[in-house]
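The values are calculated or read from the model by the stated rules, or taken from the named source; none is laboratory data. Given the structure is predicted, the values throughout are model-derived calculations rather than measurements. Note that each Cβ is placed from the backbone with ideal geometry, even for glycine, and that neighbours are counted across all protein chains shown.
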Amino acid sequence: MDNIHNDSPSSLFGNLAISISKNKRVHIVPSALLMIISVALSACQSQATENNMTPKPTSTHKPDYTSAFTAFEQKIAEKMSLDIRYFCADINGKPSVPTSKHCRQPVTELPEELAQLISSTNVGGIVLFAENVQEIAQVVKLTDDIQQASIKSVQGKPLIISIDQEGGRVARFTQMTGFAGNMAIGASYPEHGSHFATQVNAVIAKELKVLGINNNYAPVVDVNTNVDNPVINTRSFGESPQQVAELGASAVNAIQAEGVMATLKHFPGHGDTHVDSHLGLPRVDHDRETIDKVDLAPFVWAIKHSQPAMIMTAHIQYPILDNSVFVSKSGEKLIRPATMSRKILTDLLRDEMEFDGIIATDALDMAGVTHFFTEVEAVVETFVAGADLAVMPFKVRTPADIADFYVFIKAVANALAICIEQGEYQLAEFEQSIARLNRYKQQYIAIENESVAQQLQLANAVIANKNHILTEQALANAAVTLLKNKQLLPLNIAGIKQLHFVVANQQELVALTYATKRVLAKMLPASDVESISISHFVGDGADSAASDKNMNALLSKADVVIATVDIKTASLVDLGGMDDLTPSYGSAVQQQTKLTYATLLKQQLILAGKLNTPSILIAKGSPFLINEYSELADAVLLNFDDRIYENASQQAISPGFNTSMAVILGESQALGKLPVTLKN
């Protein structure tokens with residue numbers, strides 16, 4: 001393998017052209033590559049100047065570039081992390097889908113084509129999504145196959161396998177132990193301090209480790225200072241910078257103590273935005289004092305107290321930190337986003353804040369990037385800015401995409417070599433970045449000596465085991481927050497004969513019924529429990545067509561109405577990213593489904609009020625969106641991002657419902673304190 005020290009930037013550029021022209025197995029049209037190279041000349045202007053954009057390289061062939069890769073290009077690939085969410089193989093030598101955008105075949109087993117890509121390109125990381133992680137045995141085999149392919153590459157080392165397993169609304173693998181999320185941990189803070197930040201993240205990391213996943217894109221340390229924030233919301237520990245800082249550092253320490261890399265995100269702060277960076281380019285107009293005291297404070301604290309392996313950038317404009325402009329591919333002049341800002345990533349994060357870990361970008365396929373930069377430009381810009389790892393810079397969904405990815409690597413290498421030649425970027429920085437990646441890989445990643453069967457045995461013993469499930473319930477118990485109580489709670493169960501449940505679906509009905517009977521069985525003789533009847537209204541079933549007369553009859557007989565609602569601001573982060581941006585996302589049908597239950601719920605609560613039937617609302621999700629429902633109920637409990645899962649007996653269980661019913665029936669108290677301020 002060539003040594004990068006032996007190549008000047010100009011010789012790197014020249015050697016590439018020669019190697020392509022002399023290699024008979026490379027079938028790309030020379031003029032196409034020359035076009036890519038020529039437009040790449042404009043891809044690296046000064047970070048303070050305006051740039052032209054680079055067109056996406058395309059190829060209709062399937063050339064083998066592996067022998068044509070220089071050492072520099074191999075290292076370029078090492079600084080990229082691809083998602084393998086979907087892949088559609090050719091059938092009988094022909095594409096199986098019209099275009100790669102039509103591919104929705106989940107990768108649950110590693111196709112030979114992707115294994116070869118990992119081995120031949122020297123790619124540095126793989127990002128997994130919910131579609132990739134469906135069963136424990138399947139995940140263990142998939143991650144092992146990925147690493148076996150990686151050690152066959154030029155670097156001969158395992159790669160970074162990442163996932164978003166934050167807990168709460170962002171949790172990709174549902175078979176793992178689930179948790180109520182960061183805002184729930186924030187709600188537990190006054191009573192329990194950092195206990196649950198440590199316990200929860202230790203469990204998550206232990207489970208990721210046995211699955212072969214070595215990097216968690218967590219914790220979120222954005223300070224939630226904007227009630228209209230669609231993408232952060234309950235993913236934040238709260239609105240107090242110091243509380244967020246302490247809980248974030250505790251989370252990092254817990255994750256990394258289990259041998260998994262933690263990732264602080266989203267630098268320099270995504271808490272005060274109302275635009276989802278999956279869909280646009282947010283802007284934060286804080287002054288420097290506010291930025292230091294609020295946005296940057298958790299990052300500064302965590303760097304000092306937890307030494308995070310990774311920090312993820314945000315596609316956000318921070319004009320006080322960098323007000324330089326670029327010209328987008330549509331010709332619009334815009335302030336440079338943090339992900340592409342050398343002032344923010346190098347001058348601030350690397351030099352001023354003295355962060356020596358890996359700087360990773362947020363997904364480069366998000367609209368906060370793709371609306372303004374082309375693929376080559378985005379990667380080059382973020383490398384020059386100081387990023388070590390370009391996350392999801394290029395979609396590989398078909399064999400044709402693999403051929404294009406080889407061209408893409410060469411185009412990025414050419415453009416970056418030109419930056420070095422022009423003095424916009426130093427070769428020494430590039431080498432330091434590669435060394436940094438390798439240092440953390442060596443510290444956190446090792447190929448297991450055990451067979452896949454042995455790894456699976458360990459995973460089955462760890463994933464969602466009894467102690468982990470107890471930790472999940474303990475967080476729910478500590479976080480449940482009483483938002484409203486008109487002298488109703490706890491209920492006087494001695495006088496209750498009829499309960500009426502209002503729920504969104506059948507699964508909620510089963511889980512809420514189980515939670516209720518579970519608590520009643522602890523407090524009453526069996527005969528008394530049996531004497532309490534439960535009626536119900538299920539929003540997505542036949543009940544939704546019930547007549548006003550029937551609803552009136554049920555509510556008038558009930559001693560109390562207990563209703564549930566799950567309130568979230570829609571964001572692509574819940575689903576996984578830009579691949580979910582299809583006509584169905586946020587469609588009229590989806591919105592109508594939500595609207596229907598919201599309308600029916602309000603009708604039931606209003607009717608209960610007219611009949612003087614006490615009502616209790618158990619809310620899951622965002623506290624910022626609850627007011628229109630809570631004003632109709634007599635008591636309101638908040639459980640943040642609770643989940644419902646099935647145990648070994650296939651019983652639907654909700655930790656949030658369990659603790660809510662314990663509070664409602666007087667078995668326990670709601671000790672959680674809301675970590676954010678609500679609008680009046």
Residue in region 577-593 that is farther than 29 Å from GLY186 by Cα and modelled with pLDDT of 90 or more present: no
Some residue of region 542-560 being crowded, with 18+ Cβ neighbours inside 10 Å, hydroxyl-bearing (Ser, Thr, Tyr) and either closer than 19 Å to LEU617 by Cβ or under 29 Å from the mean Cα position of the chain (by Cα) (or both): no
Tabulated pairs, region 298-318, first farther than 24 Å from PHE383 by Cβ and surrounded by fewer than 24 Cβ atoms within 10 Å (Cβ to Cβ), second at pLDDT 95 or above and among the hydrophobic types (A, V, I, L, M, F, W, C), C-beta under 7 angstrom, 6+ apart or interchain: VAL300/MET353; TRP301/ALA245; TRP301/ALA249; HIS305/ALA249; SER306/ALA249; SER306/VAL252
Residue, surrounded by the fewest Cβ atoms within 10 Å (Cβ to Cβ), within region 491-508, restricted to residues that are at pLDDT 95 or above and β-branched (Val, Ile, Thr): VAL503
Leading residue by the ranking (surrounded by the most Cβ atoms within 10 Å (Cβ to Cβ)) among those in region 368-389 that are farther than 20 Å from SER433 by Cα and of a type outside the set (Ser, Thr, Tyr): VAL369
Residue match in region 479-491 (condition: in a helix (DSSP H, G or I) and under 24 Å from the mean Cα position of the chain (by Cα)): yes
Qualifying residues in region 655-680 (those that are among the aliphatic types (A, V, I, L, M) and in contact with an Asp or Glu (Cβ under 6 Å, 6 or more places away or on another chain)) - the one surrounded by the fewest Cβ atoms within 10 Å (Cβ to Cβ): LEU671
Residue that is farthest from the chain's Cα centre (by Cα) [pool: residues in region 266-281 that are modelled with pLDDT of 80 or more and crowded, with 24+ Cβ neighbours inside 10 Å]: PRO268
Residue check for ASP322: surrounded by fewer than 16 Cβ atoms within 10 Å (Cβ to Cβ) and at pLDDT 95 or above: no
Residues satisfying the stated conditions in region 478-490, i.e. surrounded by fewer than 20 Cβ atoms within 10 Å (Cβ to Cβ), in contact (Cβ under 8 Å) with a residue 12 or more places away in the chain and of a type outside the set (D, E, K, R): LEU482, LEU483, ASN485, LEU488, PRO490
Tally, over region 354-413, of residues that are at pLDDT below 95, in contact with a strand residue (DSSP E or B) (Cβ under 8 Å, 6 or more places away or on another chain), outside any loop (DSSP other than H, G, I, E, B) and not β-branched (Val, Ile, Thr): 1
Pair list, Cβ < 6 Å and 6+ apart or interchain, from region 502-529 residues that are over 17 Å from ALA619 (Cα atoms) to residues that are at pLDDT 95 or above and surrounded by 18 or more Cβ atoms within 10 Å (Cβ to Cβ): VAL519/MET661; VAL519/ALA662; VAL519/LEU665; VAL529/LEU520
Condition check for LEU512: outside any helix (DSSP H, G or I), at pLDDT 95 or above and out of contact with any Cys (no Cβ under 7 Å at 6 or more places or on another chain): no
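For (1) more than 18 Å from the chain's Cα centre (by Cα); (2) on the phi > 0 side of the Ramachandran plot, each residue gets a yes or a no:
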| position | (1), (2) |
| --- | --- |
| ILE204 | no, no |
| ASN233 | no, yes |
| SER236 | no, no |
| ALA249 | yes, no |
| ASN253 | yes, no |
| GLU258 | yes, no |
| ILE291 | yes, no |
| VAL294 | yes, no |
Among residues of region 623-650, those that are surrounded by fewer than 24 Cβ atoms within 10 Å (Cβ to Cβ), at pLDDT 95 or above and within 19 Å of ALA180 (Cα to Cα), counted: 0
Subset tally (residues that are closer than 12 Å to ILE204 by Cα, in contact with a strand residue (DSSP E or B) (Cβ under 8 Å, 6 or more places away or on another chain) and surrounded by 24 or more Cβ atoms within 10 Å (Cβ to Cβ)) for region 233-260: 4
Members of region 75-100 found to be part of a loop (DSSP other than H, G, I, E, B) and either touching a Cys at 6+ places or on another chain (Cβ under 7 Å) or under 21 Å from ASP365 (Cα atoms) (or both), listed by number: LYS79, ILE84, ARG85, PHE87, CYS88, SER96, VAL97, PRO98, THR99
Filter pass, ASN214 being out of contact with any Pro (no Cβ under 7 Å at 6 or more places or on another chain), at positive phi and either buried (at least 24 other Cβ atoms within 10 Å of the Cβ) or modelled with pLDDT of 95 or more (or both): no
Hits in region 655-675 (condition: more than 21 Å from LEU524 (Cα to Cα) and part of a helix (DSSP H, G or I)): PRO655, GLY656
Matching residues in region 101-140 - criterion: being aromatic (Phe, Trp, Tyr) and either under 19 Å from ALA453 (Cα atoms) or in a helix (DSSP H, G or I) (or both): none
For ASP404: the one exception among (1) within 16 Å of ILE213 (Cα to Cα); (2) among the acidic types (Asp, Glu); (3) surrounded by 18 or more Cβ atoms within 10 Å (Cβ to Cβ): (1)
Residue among ASN438, ASN449, ASN460 that is outside any helix (DSSP H, G or I) and surrounded by fewer than 17 Cβ atoms within 10 Å (Cβ to Cβ): ASN449
Selection status of LEU334, within 18 Å of ARG283 (Cβ to Cβ), out of contact with any helix residue (DSSP H, G or I) (no Cβ under 6 Å at 6 or more places or on another chain) and part of a helix (DSSP H, G or I): no
VAL170 being among the hydrophobic types (A, V, I, L, M, F, W, C), modelled with pLDDT under 95 and within 27 Å of ASP285 (Cβ to Cβ): yes
